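The values are calculated or read from the model by the stated rules, or taken from the named source; none is laboratory data. This is a predicted model, so every value here is computed, not measured. Cβ atoms come from the backbone with ideal geometry, glycine included; neighbour counts cover every protein chain shown. SASA here: full protein model, heavy atoms, side chains in, ligands and nucleic acids out. Shrake-Rupley method; radii C 1.70, N 1.55, O 1.52, S 1.80 Å.
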Amino acid sequence: MALNLHLLRFFATVAQTGSFSRAAEELHVSQPAISQGVRDFELQVGCRLLDRGARGVRPTREGEALLRHAKTLFAMERAAEEELYALRGLGSGMLRIGASTTIATYMIPTYLGIFHRAYPGVELSIISANTRAIVALLIEHAIDVALVEGPVEEPSIVSEAWRQDEMVLIASPDHAFANAAEPIDPARISEEIFIVREPGSGSREIVSEALSANKICPIRRLVVGSTEAIKQLVASGLGVAIVSVATIRDQISIGTIVVVPVRDLRIERILWRLSVVGRLSNPAAVKFDKLMHL
């Protein structure tokens, strides 16, 4: 039995989005066409591939097995497209960059501007997400360049050191820490509301490891989904946090946040450029890499 790849794409998109309507939007076809296509595909393979319920659509056991193969197949398709693009050069095409939130927001905008001026024919696509999501996108050929905040233990992924970053404790100017005459005792952090990023964030993992190594265990934690939210909450006096120095320059200059020295606590980390073993980089990605290493 030869699978209909057009209908396989319909099924895979519905399974990944969990919705016929979202799949229709992503593939730019009507929802009835998606629904009919998936039904036809289920008839072709001879089994039900999706469970349709009030809470959405989920793949069956057979659907999960087929979806794994579909992801591999469509990744190979994108790889072939990228290789053909690589042979055409930099006159046109797209460079898709995926970066952890801190990197995407604070560290690469300057590089993006320089790249665009040098290669205006290349369309830029920027995805900002946590490390876990960026790794998934890279494996699926959904991005060309991946920059994250922590090394990745994945057999198919190569982690290459990109640049060094320092993380510091921040507080409101009205906080008791801000008026300390000398670096504070690390144990005092445990008494504060400690504001952290969500699970899957590279920044959160680095901070958690540093706190654990120094036997710092905040009793009260507040989890938020972005560094911008962390800074706003800290500035309001709700708690303290540890963030990259690259993220707070504006707030420091206007006095809404202060850096608090902590005795015997210095957090430095390496930021990483990820690539897939054996995958050909397109010329745009190669040029962007060289630009970031200048």
Anything in the range 251-294 that is under 30 Å from Ala180 (Cα atoms) and of a type in the set (A, V, I, L, M)? List them, or say none. Ile252, Ile254, Ile257, Val258, Val259, Val260, Val262, Leu265, Ile267, Ile270
Would you mention how many residues in the range 18-37 are part of a helix (DSSP H, G or I) and open to solvent by 20 Å² or more (accessible area, probe 1.4 Å)? 11
Arg9 - would you say it is touching a residue at least 24 places away in the same chain (Cβ under 8 Å) and not small (Gly, Ala, Ser)? yes
Here, strands (runs of 3 or more DSSP E) confined to the range 116-207 with at least 1 residues that are among the acidic types (Asp, Glu) and either surrounded by 21 or more Cβ atoms within 10 Å (Cβ to Cβ) or touching a residue at least 60 places away in the same chain (Cβ under 8 Å) (or both) are 157-171
Can you tell me which residue in the range 43-68 is most open to solvent (accessible area, probe 1.4 Å), limited to those that are part of a strand (DSSP E or B) and without any contact (Cβ under 8 Å) to a residue 24 or more places away in the chain? Arg52
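Okay, residues lined up against (1) of a type outside the set (S, T, N, Q); (2) closer than 30 Å to Ser281 by Cβ; (3) more than 26 Å from the chain's Cα centre (by Cα):
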| residue | (1), (2), (3) |
| --- | --- |
| Gly225 | yes, no, no |
| Ala246 | yes, yes, no |
| Gln251 | no, no, no |
| Ile254 | yes, no, yes |
Looking at Asn214 and the list (1) farther than 30 Å from Lys290 by Cα; (2) open to solvent by less than 50 Å² (accessible area, probe 1.4 Å); (3) touching a residue at least 40 places away in the same chain (Cβ under 8 Å), which single condition is not satisfied? (2)
Apart from one, (1) open to solvent by less than 80 Å² (accessible area, probe 1.4 Å); (2) more than 22 Å from Glu140 (Cα to Cα); (3) in a strand (DSSP E or B) all hold for Asp40; the odd one out is (3)
